[in-house]
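Since every read-out is calculated from the coordinates, none of them should be taken as a lab result. Keep in mind that what you see is a predicted model, and the values were worked out from it rather than measured. Counting neighbours? That spans all protein chains shown, and the Cβs are built from the backbone with ideal geometry, glycine included.
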Amino acid sequence: MSNVFDVLKERGFIQQATHEDEIRELLSKESVTFYIGFDPTADSLHVGHFLQVVTMMHMQKAGHRPIVLVGGGTGMVGDPTGKTDMRKMMTPEIVNHHCECFKKQLSKFLDFSEEKALMVNNADWLMNLEYIPFLREVGKHFSVNRMLTAECFKSRMEKGLSFLEFNYMIMQSYDFLELHRKYNCKMQLGGNDQWSNIIGGVELIRRVDSNPAYGMTFTLLTTSEGKKMGKTEGGAVWLDPEKTSPYDFYQYWRNVEDADVGKCLSLLTFLPMDEVSALGSLEGAEINKAKEILAFEVTKLVHGEEEATKAQEAAKALFGKGPASENIPTTEMSPSEFTEGMGLITLVTNLKLTSSNGEARRLIQQGGISLDGEKITDMKHIVKEEDFKNGSMMIKKGKKVYHQVKLV
């Protein structure tokens, strides 16, 4: 069996490693327990997290044991990495609810039977720490001067960094120490923006327990222009089908830029690399075939093959390539709402196709809204009950977003 380190490297995951040769050797000779942390800032994981999920799947398939660390404790503080302002404080009840949602989602991707994977919450040890003993055992190993050189802190120094957030690196390092002692966890993995925090944990274990520990970071999911993927005009692309429908999820991947197709196929699917290379090298109209495969494979991983097939059929129906489908995002409304007519601005905002009336006005002015194939540029346009053919209407936003309204 090939070494998972080589698999991850070939597919473009690995960005930095604390001890590359030692890590590769370790992964080839024993089953390694490793962990990745997820702070519960929302009630669903999103596309930005999915790269870490796929990493854990690769590692588990190779015989290693993932620990999913849900940050019930660190989530009470908030990671300053990549933030320009202090994160809004959450109540313990909200944090716990988010943790439960994460557990449910991650169980779709990892095998937790017979302790092949573990899910633990750092609130179990962080919330009960005694301050002075913690400072004496852990705090003494951290140099403030060195911490201030970390990117996650440097970027915040001008706007102000609270002492609360300054503790985050120490808390995350302590997580690694706890997991090492309880579960013989030897590696921490994470996005490349976590490098400073990961090094902190590796060095803490080596100093306090005199045991080897390792860290590895992965490329962040960005476009060829360096922008984070997983964001749309409507917000994040979520893994929860209630927050981002399987159809919208499929469409997000179907519409990635040509230059990003190969990278996404490599990082987010389990297709063989020779197939990834062949698809990623397609050009012109042919690249659309690769985009369809990307969208189908990622949607299948997240939502299952049945939902991926439905989404694919719906997309083909909209572009005249397949049978009519019931899988396009649909909102049911009462005919009475249109008896006296409803303003188009109100309608598209109520359907959450735009985030505000102002955005709706601009979109209509720019010719960005069509009703049943007819472009509407009149901001005062009124939608009436008789406009619905056979009780339904297809609204198109821009070139790629469709939404069906049915009268019931």
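Listing for the model above:
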read-out: Chymotrypsin sites (Phe, Trp or Tyr not before Pro) within the range 201-274: DSSP coil, no more than 14 neighbouring Cβ in 10 Å; value: F270
read-out: Derived scalar couplings ³J(HN,Hα) [the range 335-343; Karplus, 6.51 cos²θ - 1.76 cosθ + 1.60; whole Hz; x for Gly, Pro]; value: x, 4, 5, 10, 4, 9, x, 10, x
read-out: Acute angle (nearest 10 degrees) that the helix 195-208 long axis makes with the longest principal axis of the chain, alpha-carbon atoms; value: 20
read-out: Surrounding net charge for E385, when Lys and Arg each add one and Asp and Glu each subtract one, Cβ distance under 13 Å; value: -1
read-out: Length gained when the stretch F134-R181 is fully extended (0.36 nm per residue, less Cα-Cα span); value: 15.3 nm
read-out: Equivalent ellipsoid, the chain (semi-axes from 5 times Cα gyration tensor eigenvalues, Å); value: 44, 26, 18
read-out: Mean Cα-pair separation over length for the chain, i.e. relative contact order, pairs under 8 Å, 6 or more apart, %; value: 14
read-out: Within the chain, helix-based [θ] at 222 nm, where runs of 4 or more DSSP H residues each add -39,500 (n - 2.57), nearest 500; value: -12000 deg cm²/dmol
read-out: 12 Å cut-off, amide nitrogen to a point 7 angstrom out along T219 Cα→Cβ, residues in the range 258-274; value: 260-268
read-out: Principal-axis tilt of helix 287-303 within the chain, Cα atoms, nearest 10 degrees; value: 70
read-out: Sum of side-chain charges, S334 neighbourhood, beta-carbon under 13 Å (Lys, Arg +1; Asp, Glu -1); value: -3
read-out: Under 15 Å from the Cα of K375 - aspartates and glutamates, other chains or at least 8 residues apart; value: D387
read-out: Positive-end extreme of charge dipole, the range 251-408 - chosen from T349, A285, S266 (charges on Cβ); value: T349
read-out: Relative packing of 59-69, 297-307, 358-368, which averages over residues the other C-beta atoms within 10 Å, highest first; value: 59-69, 297-307, 358-368
read-out: Angle between the chain longest axis and helix 47-61 axis [Cα atoms, degrees, rounded to 10]; value: 60
read-out: Protection-proxy order for peptides 338-344, 108-114, each taking the mean of Cβ atoms within 10 Å per residue, highest first; value: 338-344, 108-114
read-out: Full-stretch length increase - F142, A259 - with 0.36 nm per residue and alpha-carbon distance subtracted; value: 37.9 nm
read-out: The range 231-318: Lys pairs at Cα distance under 15 angstrom, eight or more positions apart or on different chains; value: 6
read-out: Backbone HN-Hα couplings from phi across the range 262-278 [Karplus 6.51/-1.76/1.60, Hz, Gly and Pro as x]; value: x, 4, 5, 4, 5, 8, 10, 10, 10, 5, x, 5, 5, 5, 4, 5, 5
